[in-house]
Number of protein chains: 2
Amino acid sequence: MNDAAIGIFDSGMGGLTVMRALMALLPNERFLYLGDTARLPYGTKSADTVARYAVQAAGALVKRRIKLLVVACNTASGVALPALQEEFAPLPVIDVIGPGAEAALAASPKGPIAVIATEGTVKAGAYVRAIHAHAPDVEVMQQACPLFVPLAEEGLIDGVIAELVAHRYLDELLARKPHALVLGCTHYPALKGTIGKAAGLDVTLVDSAETTAARVDKALGERNLRRGDASAPDHRFLVTDAPERFARVGEIFLGRKIEPDAIELVDLQ
Amino acid sequence: MNDAAIGIFDSGMGGLTVMRALMALLPNERFLYLGDTARLPYGTKSADTVARYAVQAAGALVKRRIKLLVVACNTASGVALPALQEEFAPLPVIDVIGPGAEAALAASPKGPIAVIATEGTVKAGAYVRAIHAHAPDVEVMQQACPLFVPLAEEGLIDGVIAELVAHRYLDELLARKPHALVLGCTHYPALKGTIGKAAGLDVTLVDSAETTAARVDKALGERNLRRGDASAPDHRFLVTDAPERFARVGEIFLGRKIEPDAIELVDLQ
């Protein structure tokens, strides 16, 4: 089992920012990434629909033999984690919201903490619950930023349009003086420069990718699941639609080239 | 059959601009609208996937007994019209691209004609083909405007952000001096003010909604399918996800209130 890949699941390409952090921390591991590009975005969909899609996507990864599953989509993490853990037990399932909440508290132990995310994540209140589970008295404020995902997917990550959209979403939130700002959607790190500029120097930006990678590292160690083989690992990508677009736009998020022949089109229905 | 509804199908809410034109022209008819909100947007998806989704969606409308089908989604019109006509014959199926092309030629018989649309519609080249079928020598230029859909769905239809995005997409196209600009996505009429401001007074904006409504009117007449009953017609809406969001955001496109109890959640898979 140690040679099996680590499965990573996202609604589209945003989860590649998590894969990027995982590859940096675990250069010896193989990764199998699934992006449900036919049905993205998840962030504007209902909890029931997202949970159903998440179980289908995870099932496709499990069928190809994975040793651990990373839910690299905040919206799916927020509404589908218990369903995934139950359905695929004893497979270890690691989400991005728990690690993101811990990173936020490390950056701002007494708060206030601001969370920006999709409509679905905000509505599910998953970050608020995860932060309050550790620190019930910390003030948490939320803001949905629906245009950040299409801006990132268009590669419009800086410049005046991105800055105006950032101010539109953030100014009211920032007036309440948070100490930390959680990038609660895996697309948002692509806009980190613009968000940081709008937020100013007094606010620490929290990206759950690195904390999630650290948690995966720990889980592999505890379960003796590290890959022993020293040969260069191969990485594969499954998408439910438009593989060429995935290869082209995915580079923005993964930070390296994605070879078209590493991408396979799959049907989840 | 005359008392049956006219079915309207779209990937989400944009098709409500077509329903609005239909209701204005045919106030006595009943309409049954289906928005595939669980799987929107169609515009960034591949032709095969969109065609499969379109047949499923049309099937759900046919099952509820409709007398005519309007494909109120440019992307689906561009790739799925032959499949829909074959699958559901002899049901009359009317798309938005044919009427849009005719309206463009009426506004600018000698061209050049500019078409703005989703990535899928541009890639399928459906407007270019439809215009050249009538006027092979007219110059047609195309531009995909992927951010217009999320801007419209966010209600960000005017103001400086919408204007900057419009200039980003249109300036190069407008430098080539088109006489007509086709709004080749049913979401775009919501941004008509902003697009018109960017395009200037020398360019006629063409919206296929009214031409489509005229073609439906003609088809009903030819087939003796007009509703004779003079009682006020009822209108129903089927959505595949998030009915509350549909009721709230749909008003922008339909131009009137959508009662929550007229909306029903359906599963197409």
Practice item. Tell me the GluC sites (Glu not before Pro) within region A:174-262 that lie in a loop according to DSSP and have at most 11 other beta-carbon atoms within 10 Å. Key: none
Practice item. Provide a whole-number value for the mean count of partner chain Cβ atoms within 10 Å of the Cβ atoms in peptide B:235-241. Key: 1
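Shape call for region B:42-176 from the C-alpha gyration tensor, a ≥ b ≥ c root eigenvalues: rounded (a/c under 1.5), prolate (a/b greater than b/c) or oblate? Intermediate values should be presented prior to the final figure.
Values: a/c = 2.25, a/b = 1.38, b/c = 1.63.
Oblate is the answer for region B:42-176, as a/c is 1.5 or above yet b/c matches or exceeds a/b.
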Check your understanding: Going from most exposed to least, what order do B:His235, B:His167 have by accessible area with a 1.4 Å probe?
Key -> B:His167, B:His235
Review point. Can you give me the relative contact order of chain B as a percent, contacts being Cα pairs under 8 Å and 6 or more apart?
Key: 27 percent
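Summing Lys, Arg as +1 and Asp, Glu as -1, what charge do residues with Cβ under 13 Å from the Cβ of A:Leu61 carry, A:Leu61 excluded? Mind dumping the intermediate values first?
Working: positive: A:Arg30, A:Lys63, A:Arg64, A:Arg65, A:Lys67, A:Arg236; negative: A:Asp10, A:Asp36, A:Glu87, A:Glu264.
With Lys, Arg at +1 and Asp, Glu at -1, the neighbours total +2.
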Check your understanding: Expressed as a rounded percentage, what relative contact order does region B:133-204 have, with Cα pairs under 8 Å and six or more residues apart?
Key -> 40 percent
Point to revise | Other-copy label distances relative to B:Ala83, 7 angstrom Cα-Cβ extension, nm | key: 2.6
**Study point:** With Cα atoms, 0 to 90° folded angle of helix A:74-87 axis to chain A main axis
**Key:** 40 degrees
Revision key, fill the gap. With the 8 Å Cα cutoff and a minimum separation of six or more residues, region B:182-269 has a relative contact order in percent of 26 percent
Study note, to complete from the structure: Log entry, pair A-B: total buried accessible area, probe 1.4 Å, protein chains only, in Å² rounded to 100, is 2500 Å²
Review point. Using the heavy atoms of the protein chains alone and a 1.4 angstrom probe, what is the accessible area of the protein assembly as shown per residue in square angstrom?
Key: 39 Å²
Review point. Using a 1.4 angstrom probe and counting only protein chains, how large is the accessible area of B:Cys185 in Å², to 10?
Key: 10 Å²
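Return the carbon/sulfur percentage of the accessible area of region B:107-187, one whole number, probe 1.4 Å, all protein chains in place.
Numbers: 1720 of 3270 Å².
C and S fraction of accessible area: 53 percent.
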Check your understanding: What net charge do the residues around A:Lys197 carry, taking every other residue with its C-beta under 11 Å from that of A:Lys197, with Lys and Arg at +1 and Asp and Glu at -1?
Key -> -1
Point to revise | Computed helical MRE - 222 nm, chain A, DSSP H runs ≥ 4 contributing -39500 (n - 2.57), nearest 500 | key: -14000 deg cm²/dmol
Practice item. With label points built 7 Å along Cα→Cβ from the Cα atoms of B:Glu222 and B:Asn28, find their separation and express it in nm. Key: 2.1 nm
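So how do A:Asp217, B:Asp171, B:Asp241, A:Asp158 rank on accessible area, 1.4 Å probe, biggest first, that is with the largest at the start?
Sorted by accessible area, descending: A:Asp158, B:Asp171, A:Asp217, B:Asp241.
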Review point. For the protein assembly as shown, what is one quarter of the convex hull surface built on the Cα atoms, given in nm²?
Key: 25.7 nm²
Study note, to complete from the structure: For A:Val206, the residues 5 or more places away or on another chain with a placed amide H closer than 5 Å to its own amide H are A:Leu181, A:Val182, A:Leu183
Review point. Within a Cβ distance under 13 Å of A:Pro99, other residues only, what is the Lys/Arg minus Asp/Glu net charge?
Key: -3
Review point. Largest first, what is the accessible-area ranking of B:Met1, A:Met141 with a 1.4 Å probe?
Key: B:Met1, A:Met141
Point to revise | Ascending list, in nanometres, of distances separating the B:Glu222 label from those of the other copies (7 Å, Cα toward Cβ) | key: 6.8
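Evaluate E = 1/(1 + (r/R0)^6) for B:Gln56 and A:Ala214, where r is the Cβ-Cβ distance and R0 equals 60 Å; express this FRET efficiency to the nearest 0.05.
That pair, B:Gln56 with A:Ala214, gives E of 0.90.
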Study note, to complete from the structure: Counting only residues 5 or more apart in sequence or on a different chain, those whose built amide H sits under 5 Å from that of B:Ser11 are B:Asp36
Exercise for review: Determine how large the accessible area of B:Val55 is when every protein chain is in place; take a 1.4 Å probe and give Å² rounded to the nearest 10.
Suggested key: 40 Å²
**Study point:** Amide proton proximity set for A:Leu68, modelled H, under 5 Å, gap of 5+
**Key:** A:Gly7
Point to revise | For A:Val160, solvent-accessible area (1.4 Å; no DNA, RNA or ligand), Å² | key: 80 Å²
**Study point:** Extended-chain gain in nm, criterion 0.36 nm per residue less alpha-carbon gap, B:Arg176 and B:Ala107
**Key:** 23.1 nm
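The values are calculated or read from the model by the stated rules, or taken from the named source; none is laboratory data. Being a predicted model, the structure only gives us computed values, none of them experimental. Heads up, the Cβs are rebuilt from the backbone with ideal geometry, glycines too, and the neighbour counts pull from every protein chain shown. Quick note on the areas: whole protein, heavy atoms, side chains included, nothing else; ligands and nucleic acids left out. Shrake-Rupley method; radii C 1.70, N 1.55, O 1.52, S 1.80 Å.
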